[in-house]
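The values are calculated or read from the model by the stated rules, or taken from the named source; none is laboratory data. Being a predicted model, the structure only gives us computed values, none of them experimental. Quick reminder, even Gly has a Cβ in these numbers, built from the backbone with ideal geometry, and neighbours come from all protein chains shown. Ligands, DNA and RNA are excluded from the accessible area calculation, which covers all protein heavy atoms including side chains. Shrake-Rupley method; radii C 1.70, N 1.55, O 1.52, S 1.80 Å.
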Amino acid sequence: MKLFQNLILTTAAISLCSCASNPFSSYKSTSDTTLHKIYSGQLPMAMEAESTSDPLYNMEYGSLLRMDQNYSQSNYYFSLAQQSMDVWANSWMSTTGGQLSNTALSMLVNDNATEYQPRGYERSFVTTYHALNHLDLNNWQNARVEIKRMYQIEQATENYNQALYNQEAQEFQKVKQDSQQNYLSTQILKKYNFTDINTPQVLALKNSYQNAFSHYLAGFVFEALNEPSLSRPGYVKAGQLNPNNTLIQQSIDNIDSNTRSKKGTTDLLIVEEIGHAPQIKSEEVHVPINLNFSASQNNQQSCINMIDVFYPRLIMDQMNTTPYAFSLDNTNYNPMLMVDVNLMVARSIRDQTPHIIARNVAAAVRNIATSQAACTAGNNGGSLGTILSLGASLGGMLLDRADERTWTLLPSKIYINRVNNLAYGEHKITVNLNGVPHIQTITLNQPYQIVTFRVIGSQIIFNLQRGSV
Amino acid sequence: MKTKLLQLSLLSATVFLGGCASPTISYVDPNAVNNLTTNFNQNDLRAVAQDMSMQLIQSGKMNKCKSYTISPVKNSTDQYVDTSVMTNAMADKLSNSSAVNSTYVVSTQEMQNQVDELERQNQSGLYDQSTTAKTGKMKGAQCRVDGKLTSDTSVGPDGKTTLVSYTFFVQVFDVQQGAAIWRNSKNISKAKTY
């Protein structure tokens, strides 16, 4: 008996050591610590440098380094994140039969314990921020490479999602065919909180993985490189994903009429990012059940009348919720919303709901079986009941809890503006933050340039193109 | 029950050990047909450009022009199609055909490099002027080949089938007169069913 106890404990220890994502820790707590340090201005110390293949760490740390204007190092970490995605992407680029194994396994263990699989929108954003870093280093050709990678990743994500939906439909069908599992799923659904993920805005999104900003940036980069045949679809796709932004149609019209900035002037893209992406907290709900209708078939009374269900709850950024108006050379501009990352995260979770429910049903079935055995053994007066109880609770820790991992250092919203025919030379951007004007001087010296600023907490961070400052 | 716990432990351990396969690299036929997405891919690009070029050659209309250029093919689809591949494929087919007597002259795409080279030879002060190519001597194109790619997407009533129809439209204009001397289009439709 001691052997089994040791085996369980050893397995738990292996889990803790071998996985960058600790199944017992809360990612929400980890990201809280990082955010508090960023809010207090301790940007370089907000995260510790690590050498890991964990894509989530590499995405978060890459974002932090970008905020700290360390673009080359940021790109190094984004590249590491992309390396782990490349294997996945290659298996889905032109097929609908790639890697789904992790999803199947996560039915049986805590999602937090499996290797992190970046969500669809995160895959697109890694390449987009990688491209933005290259633009800030004034390397347009390398930015072009990342832009191409962005839409290739999207193709892979489309194929993956389709296969995943098919698998989830099959999983759910199996649940429906089993009377006990069907009963459990019905009880779980009654208690599942859909408030965040079923809003009209979430449902209005075309999907959870394509965002208008990435495609608008693609259009801008290809336009700057004088490749209208690739620029136009970038703007068109951005318009399909965000039909309310009038700037997009104007950009398409400019491509169609071959309108470019006059000689000696700059076409400036101004990008405003605010806040951080939602955090995810594993929410525990107690669901009352009555299994005696099925237990009676085995002439055995069930001692289980409650199961614990875990689902992901979104914790939105409450500090930065609205855009900050700014002026350029004393002309005021209202930022135009391009992407609401909050909605994309919600949509992504909504799309995962069948898997989340099926995983909770699997966990409930497992816990019921183990607890019932412990209950029966305990009633018979043996020590087996204690051991099984220990196994059940330790197994529960490993196997339960909603996945809290998510790329939190993405902004919550991205806005853009575009100003044409700005004369080469120095210009001033003024952002008013809580009544305090923050002034940044920019130097324009190329036909196309980009300036990005991010407001997070009470910090404002400008990202300017090297060679133009 | 012991078996269950053992399975549970082994399963957890398996999760951490899986997924370490190394990739293999191999050469594939660049002309192999890729039927895996409805996107307009490299095979489609080359196939329609070459097919239209062949039809243009067979029409004999190109020999009405002493010289011609090709404007960059416009992409009016919502897909990232690098239509410079189509423009180049048409230029290759027309200029290498023994049935076309017309001379291919520099296109707008290639113009900047041409200007840069002329300026380098004539304005840098580095060259013996008796050996340089002179400015103002380039041949104007009598005809211009113009192409446009469009697409239309429709989804079946069951929501499971997506049909994308592409049209590649080509015209040849007499530049001075603005008259079209040849027009044709080619359609490709691709369906994807889940």
Query raised in the report: Which FRET efficiency, nearest 0.05, do A:Asn138 and B:Ile188 yield, Cβ-Cβ r, R0 41 Å?
Result: 0.55
Query raised in the report: What is the local net charge at A:Arg144, summed over the other residues whose Cβ is closer than 13 Å to its Cβ (Lys, Arg +1; Asp, Glu -1)?
Result: -2
Report summary line: Here the FRET efficiency for A:Lys428 versus B:Lys137, based on Cβ atoms and R0 = 60 Å and rounded to 0.05, is 0.80
Report task. Using a/c under 1.5 as the rounded threshold, could you call the range B:121-194 rounded, prolate or oblate? The axes a ≥ b ≥ c are square roots of the C-alpha gyration tensor eigenvalues, and prolate needs a/b larger than b/c, oblate otherwise. Result -> oblate
Query raised in the report: When the Karplus curve 6.51 cos²θ - 1.76 cosθ + 1.60 is applied with θ = phi - 60°, which whole-Hz ³J(HN,Hα) does each residue of the range B:92-98 get, with x for Gly and Pro?
Result: 4, 5, 6, 6, 8, 7, 6
Report task. For B:Lys192, list the aspartates and glutamates whose Cα falls under 18 Å from its own Cα; do not include residues on the same chain fewer than 8 positions away. Result -> A:Glu154, A:Glu158, B:Asp44, B:Asp78, B:Asp152, B:Asp158
Query raised in the report: Taking R0 as 25 Å, what's the FRET efficiency between A:Leu203 and A:Gln250 from their Cβ-Cβ distance, rounded to 0.05?
Result: 0.35
Query raised in the report: Between the range B:108-124 and the range A:137-169, how many Å separate their Cα centres?
Result: 38
Report task. Mind jotting down a quarter of the surface of the convex hull over the alpha carbons of the range A:298-359, in square nanometres, one decimal? Result -> 7.2
Requested in this report: Give me the distance in nm between label points sitting 7 Å out from Cα along the Cα-to-Cβ direction at A:Val145 and B:Val155, one decimal.
Outcome: 3.6
Query raised in the report: Where does the range A:148-199 land on Rg/Rh, using Cα atoms and the Kirkwood Rh?
Result: 1.18
Requested in this report: Provide the net charge surrounding A:Asn334, with neighbours chosen by a C-beta distance below 15 Å and charges set as Lys +1, Arg +1, Asp -1, Glu -1.
Outcome: +1
Report summary line: In nanometres, the difference between 0.36 nm per residue of separation and the alpha-carbon distance of A:Gln152 and A:Thr259 is 35.7 nm
Report summary line: SASA check, B:Asp146, accessible area w/ 1.4 Å probe, all protein chains in place, rounded to nearest 10 Å², comes out at 40
Query raised in the report: According to a simple spin-label model (label point 7 Å from Cα along Cα-to-Cβ), what is the distance in nm between A:Gln240 and B:Asn96?
Result: 3.4
**Report entry** the range B:59-146, relative contact order [Cα under 8 Å, separation at least 6], %
**Finding:** 44
**Report entry** Probe 1.4 Å - accessible area at B:Lys190, Å² to nearest ten
**Finding:** 20
Query raised in the report: Chains A and B: what accessible area do they bury, summed, in square angstrom to the nearest 100, with a 1.4 Å probe?
Result: 2900
Query raised in the report: Over the heavy atoms of A:Tyr311, what accessible area does a 1.4 Å probe trace out, to the nearest 10 Å²?
Result: 10
**Report entry** Distance cut-off 17 Å, percentage of C-alpha pairs in the range B:31-154 lying past it
**Finding:** 64
Query raised in the report: With all protein chains present, how much of the accessible area of the range A:152-275 (probe radius 1.4 Å) comes from carbon and sulfur, to the nearest whole percent?
Result: 47
Query raised in the report: Could you work out Rg/(2.2 N^0.38 Å) for the range A:166-243, with Rg from alpha carbons only?
Result: 1.78
Query raised in the report: So how far apart, in nm, are the two label points at B:Asn43 and A:Asp329 if each is 7 Å from Cα heading toward Cβ?
Result: 5.2
Report summary line: Order by accessible surface, 1.4 Å probe, largest leading, for residues A:His36, A:His355 comes to A:His36, A:His355
